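The structure under discussion appears below in the form of structure tokens.
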Amino acid sequence: MTNYLDKNLAALKKQRPEIIQLIQEDMTGPGGDPVLSPSGKQNLTVKASEGTIVYLHAQDDPEREVQGFLDMVPHGSYGVVILFGMGLGYTPLALLKERPNLRHIFIIEARPETFLRAMELMDLCPLIESEKVTLYFPQNWDLKDFASKARRWLSLEDIFFLNHIPSHKLDGDFYRTVYDQIYALANTLNIEGSTFQGFGHLIVGNRFEHLKLLPFQGLIDDLHGKFVHVPAILVAAGPSLDKNVNLLKDVTNKAIIFCVDSALPSLLKKDVIPDFVTSIDYHPVTFEKISGSIKDLYAKRKQAPALICTMWNTPPFYKRPPWKHVYRVLAHHPLDIWTRDVLEEGSIFPGAQTVAHLNLQAAVTLGCDPIIFVGLDLAYSTIGSHASGTVLQGVYALKQGDEKGLLKVRGNVEEAVYTDRSFLSMKHGFEGMIASMPRLYINATEGGVYIEGTEVMPLKAAIEGYC
């Protein structure tokens, strides 16, 4: 039997020296026992945690899986393959050879010790030496690193998720966790990429419209640190907002109220005027979120809120309502960076996943503390999709047994609620922001998902205790 270890190690030392350190220092157990199959191809048996023996490939022919995976990645594909578990490497080697147009192959392998065994049994040099291949193990897995490498491809190309079933039998929890992280990221980036492909003319055009008025209005930097240690209430348009929106009447001049654009009609109907409204939408039709409230805004124009919006926001949002002032956010986009360079001022923000995330970015920029969330459901905890009074409000027939395709997660008030991957991605976005921006966070949403890093508290108690 040919031993390829020295050859593969030499390639690793030259091309990926950091991987050598991983497989030599962080091995957690034996890599498995080699088995020669009837077809003459190498196989490997690995003992699972419960003591059962798992073959990494089909016992009669280890290469049998390859054609199935190739069928999932059509000829001529220009996309990205993400392989969860590689076994001895039959599939990624075939993909590299048979699908030459692929942009990149990401291999997620739970066991570096099994990879070391594979280097003994297989010539993995084509994988090791290819610039199209990235190897991740638990020790070097990092979603931010993955995103930095894959962002452009995930935005614009096809994505192929391939699951090596025997690997999942051995390390299912690890692969499920990584899969959920990548799926959420890929979903967000793919939507973003499709958006730019379909509506780039609007997004770019809107930015130039903003430039016309920017000298007469301003950037959010003008508000930096103006409300240090002043409590902020961040209002989203989740259906639970109906349960406690009335209480917001009691916080005038006691806290800064930030309101997402879609929730503004709900607040105005309760005679609650926020201090700031946030908006990020690029399409003109999204002005309909607040068009029905224009008359109310003009009637209360002496108390009118200010608008915080992105540079790609649709012009009707900042031209038609009688905003007290308009503050723009510069995001990490080439045109925004160019704007910053021309102005020689302005901070570059990482970009808001949703308008509710912009709410949080704005409150932190102003220096607010504590920060109190209201109406941030991110779940299907009621039959309503949004708070009543919003133009987005619809009805979900979510009954017992109708949760197909949804995920059951910890609830903010209920023991568990159902959500989807898109909402879950938003939840993780909030949790990441909260972890990176220390202060007191209170979730006064009376429903929806639990958000790590927040203290759950009824809105009444939060107002009495902190406002």
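The values are calculated or read from the model by the stated rules, or taken from the named source; none is laboratory data. Here the structure is a predicted model, which means the values were calculated and not measured. Because the Cβ atoms are built from the backbone with ideal geometry, glycine has one as well, and the counts that use them run over all protein chains shown. For accessibility, only protein heavy atoms count, side chains too; no ligands or nucleic acids. Shrake-Rupley method; radii C 1.70, N 1.55, O 1.52, S 1.80 Å.
Mind listing just one residue for me: the one in segment 435-467 that is assigned to a helix (DSSP H, G or I) and touching a residue at least 24 places away in the same chain (Cβ under 8 Å) and, of those, nearest to VAL251 (Cα to Cα)? First the steps, then the outcome.
The first filter runs over segment 435-467 and keeps only residues assigned to a helix (DSSP H, G or I), leaving 435-436, 459-466.
Adding the requirement that they be touching a residue at least 24 places away in the same chain (Cβ under 8 Å) leaves 459-460, 462-463, 466.
Details: LEU459: 11, LYS460: 10, ALA462: 11, ILE463: 7, TYR466: 10 Å.
Result: ILE463.
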Give the residues of segment 91-127 that are part of a helix (DSSP H, G or I) and within 21 Å of PHE174 (Cβ to Cβ), sorted by residue number. THR91, PRO92, PRO112, GLU113, THR114, PHE115, LEU116, ARG117, ALA118, MET119, LEU127
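Name the residues in segment 237-254 that are under 17 Å from GLY411 (Cα atoms) and in a helix (DSSP H, G or I), would you? Write out each step before concluding.
So in segment 237-254, the residues under 17 Å from GLY411 (Cα atoms) come out as 238-241, 243.
Those that are under 17 Å from GLY411 (Cα atoms) and in a helix (DSSP H, G or I): LEU241, LYS243.
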Going by the structure shown, is LEU22 closer than 26 Å to LEU185 by Cα, within 30 Å of the chain's Cα centre (by Cα), modelled with pLDDT of 90 or more and surrounded by 12 or more Cβ atoms within 10 Å (Cβ to Cβ)? no
Pair list, Cβ < 6 Å and 6+ apart or interchain, from segment 134-146 residues that are touching a residue at least 12 places away in the same chain (Cβ under 8 Å) to residues that are open to solvent by 40 Å² or more (accessible area, probe 1.4 Å): GLN139/ASP26; LEU143/GLN181
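Anything in segment 132-162 that is part of a loop (DSSP other than H, G, I, E, B) and either hydrophobic (A, V, I, L, M, F, W, C) or modelled with pLDDT of 85 or more (or both)? List them, or say none.
Initially, segment 132-162 is screened for residues part of a loop (DSSP other than H, G, I, E, B), giving 132, 137-142, 157-158.
LYS132, PHE137, PRO138, GLN139, ASN140, TRP141, ASP142, listed by residue number.
Counting just the residues of segment 232-254 that are among the aliphatic types (A, V, I, L, M) and surrounded by 23 or more Cβ atoms within 10 Å (Cβ to Cβ), which one comes out farthest from GLY375 (Cα to Cα)? Lay out the reasoning, then the answer.
Step one: of segment 232-254, the residues among the aliphatic types (A, V, I, L, M) are 232-237, 241, 245, 247-248, 251.
Now restrict to residues that are surrounded by 23 or more Cβ atoms within 10 Å (Cβ to Cβ): 232-237, 241, 248.
On the way: ALA232: 14, ILE233: 10, LEU234: 8, VAL235: 6, ALA236: 5, ALA237: 6, LEU241: 4, LEU248: 12 Å.
Among residues in segment 232-254 that are among the aliphatic types (A, V, I, L, M) and surrounded by 23 or more Cβ atoms within 10 Å (Cβ to Cβ), the one farthest from GLY375 (Cα to Cα) is ALA232.
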What pairs can you find where one residue is in segment 319-343 and farther than 30 Å from LYS300 by Cα and in contact (Cβ under 8 Å) with a residue 12 or more places away in the chain, the other is assigned to a helix (DSSP H, G or I) and open to solvent by 40 Å² or more (accessible area, probe 1.4 Å), and their Cβ atoms are less than 6 Å apart, with a gap of 6+ or different chains? none
Any residue in segment 347-366 that is without any contact (Cβ under 8 Å) to a residue 12 or more places away in the chain and open to solvent by 30 Å² or more (accessible area, probe 1.4 Å)? no
Could you list, in sequence order, the residues of segment 290-317 that are touching a residue at least 60 places away in the same chain (Cβ under 8 Å) and more than 25 Å from ASP222 (Cβ to Cβ)? GLY292
Where in segment 262-315 are there helices (runs of 4 or more DSSP H), lying wholly inside it, with at least 2 residues that are open to solvent by less than 10 Å² (accessible area, probe 1.4 Å)? 264-269
Cβ pairs under 8 Å, 6+ apart, first in segment 163-174 and in a helix (DSSP H, G or I), second hydroxyl-bearing (Ser, Thr, Tyr) and crowded, with 16+ Cβ neighbours inside 10 Å: PRO166/TYR55; SER167/TYR175; HIS168/TYR175
In segment 316-335, which residue that is open to solvent by 70 Å² or more (accessible area, probe 1.4 Å) and touching a Pro at 6+ places or on another chain (Cβ under 7 Å) is nearest to ILE348 (Cα to Cα)? HIS332
What tally of residues in segment 37-58 results from selecting those that are at pLDDT 90 or above, surrounded by fewer than 17 Cβ atoms within 10 Å (Cβ to Cβ) and not in a loop (DSSP other than H, G, I, E, B)? 3
Quick one: THR252 ticks every box in (1) under 21 Å from PRO231 (Cβ atoms); (2) modelled with pLDDT of 90 or more bar one, so which box is it? (2)
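Which one of PRO34, PRO62 is closer than 23 Å to LEU135 by Cβ, assigned to a strand (DSSP E or B) and not aromatic (Phe, Trp, Tyr)?
Working: PRO62 fails: assigned to a strand (DSSP E or B).
The unique qualifying residue is PRO34.
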